[in-house]
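Engineer: Supplied in structure tokens, the structure appears directly below.
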Number of protein chains: 2
Amino acid sequence: MSADPLSATFAALADPTRRAILARLALGEASVSELSAPFDISAPAVTKHLKVLERAGLISRGRQAQWRPCKLEAKALEDVSGWIDQYRQLWEQRLDRLEDYLKILQAQEKKPARKRAEKK
Amino acid sequence: MSADPLSATFAALADPTRRAILARLALGEASVSELSAPFDISAPAVTKHLKVLERAGLISRGRQAQWRPCKLEAKALEDVSGWIDQYRQLWEQRLDRLEDYLKILQAQEKKPARKRAEKK
């Protein structure tokens, strides 16, 4: 795994089970056994995923020895959102171009209609 | 690399050189030699990164044999943005809580000031 925090976050997000764990934690804190229940994987496998998420700063874990609740940490996701926002205008421009094209199509549709109206 | 498109995109983004390539392509199309110039890596290494980005749908490449310009594809980044948006309220709530706390601190500061005013 790369050393920079953003690369670690992206690498942690590149797995559907880890993203599903985050989706569950968005609803509230949960223990390892609560997290492994909906998945077809063992508690040790979930623990492995949690370690990746924790190293990436996406979750934190409570300090009680037995019940160590996992908590989603919004900061790392906010950093990803900040990174992606610099590209936002790229797809907004793409939508603008589609909109412009649609207006041209609509204008072309109106023209023959007007001609027919003039003939009456 | 995982099979699902979102995992492939996140895995492709988990590398600082690949993110720098995307930042360059956000300014416009570029060839492999133009892309390798600012980095301390060889053209074959850049080509390897481009293949990862292309498989993830983050870039496309022109069809001319020699000059195959690379182009950023906004759609894949838009999908990442859509995924992250479902968590937006989590860090917005975090900001709201900080704001509430600030208001409490400000209200506590105002109280003694009013008492001093009443004494006059």
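Engineer: Give the nm distances, rounded to one decimal, from A:GLY28 to the matching residue in every other copy, measuring between label points 7 Å along Cα toward the beta carbon; shortest first.
Structural biologist: 5.5
Engineer: Considering the rotation that carries chain A onto chain B, locate the chain A residue whose Cβ comes closest to its axis and report the distance in whole Å.
Structural biologist: Nearest-to-axis residue on chain A, with distance in whole Å, is A:PHE10, 3.
Engineer: Label the protein assembly as shown by shape, choosing from rounded, prolate and oblate, from the square roots a ≥ b ≥ c of the eigenvalues of the Cα gyration tensor; if a/c is under 1.5 it is rounded, and otherwise prolate applies when a/b is larger than b/c, oblate when it is not.
Structural biologist: oblate
Engineer: Which one, A:LEU95, B:ALA30, B:ILE59, projects farthest toward the positive side of the charge dipole computed for the protein assembly as shown from Cβ point charges (K/R +1, D/E -1)?
Structural biologist: A:LEU95
Engineer: If you place +1 on the Cβ of every Lys and Arg and -1 on the Cβ of every Asp and Glu, how big does the dipole about the Cα centre of the stretch A:58-97 come out, in debye to the nearest 20?
Structural biologist: It works out to roughly 340 debye.
Engineer: Suppose every K and R has +1 on its Cβ and every D and E has -1 on its Cβ; what is the size of the dipole of the protein assembly as shown about the Cα centre, in Debye to the nearest 20?
Structural biologist: So the magnitude is around 900 debye.
Engineer: Provide the per residue accessible area, probe 1.4 Å, for chain B, rounded to a whole number of square angstrom.
Structural biologist: For chain B, the per-residue accessible area is 64 Å².
Engineer: Over all residues in A:69-81, what is the mean tally of Cβ atoms on other chains that come within 10 Å of each residue's Cβ?
Structural biologist: For peptide A:69-81, the averaged partner shielding equals 4.
Engineer: Considering only protein heavy atoms, what is the solvent-accessible area of A:ARG24 at a probe of 1.4 Å, reported in Å² to the nearest 10?
Structural biologist: That residue has around 70 Å² of solvent-accessible surface.
Engineer: Shortest first, in nm, what separates the label point of B:SER42 from those of the same position in the other copies (7 Å along Cα→Cβ)?
Structural biologist: 4.2
Engineer: Just to verify a number: what accessible area does A:PHE39 come out at with the full protein assembly present, 1.4 Å probe, Å² rounded to tens?
Structural biologist: Rounded to the nearest 10, the figure is 50 Å².
Engineer: OK, next. Report, in deg cm²/dmol and to the nearest 500, the calculated mean residue ellipticity at 222 nm for the protein assembly as shown, where each DSSP H run with n ≥ 4 adds -39500 (n - 2.57) and the sum is divided by the residue count.
Structural biologist: Rounded to the nearest 500, the figure is -21500 deg cm²/dmol.
Engineer: Ordered shortest first, which distances in nm separate the 7 Å Cα→C-beta label point of B:LYS75 from those of the other copies?
Structural biologist: 3.7
Engineer: Given contacts defined as C-alpha pairs under 8 Å and at least six residues apart, what's the relative contact order of chain A, whole-number percent?
Structural biologist: Once divided by the residue count of chain A, the mean separation gives 22 percent.
Engineer: Connecting C-alpha atoms closer than 10 Å in a GNM of chain A, tell me which of A:LEU58, A:LEU102, A:LEU50 has the biggest fluctuation.
Structural biologist: A:LEU102
Engineer: Taking the Cα centre of chain B as origin, work out the dipole magnitude from +1 charges on Lys and Arg Cβ and -1 charges on Asp and Glu Cβ, in debye rounded to 20.
Structural biologist: 800 debye
Engineer: Tell me, how many Å apart are the Cα centres for the stretch B:1-60 and for the stretch A:20-38?
Structural biologist: About 33 Å separates the Cα centre of the stretch B:1-60 from the one of the stretch A:20-38.
The values are calculated or read from the model by the stated rules, or taken from the named source; none is laboratory data. Remember, it's a predicted structure, so these values are computed and weren't measured experimentally. Cβ sites come from the backbone with ideal geometry, for glycine too, and all protein chains shown count toward neighbours. The accessibility values were calculated without ligands, DNA or RNA, using every heavy atom of the protein model including side chains. Shrake-Rupley method; radii C 1.70, N 1.55, O 1.52, S 1.80 Å.
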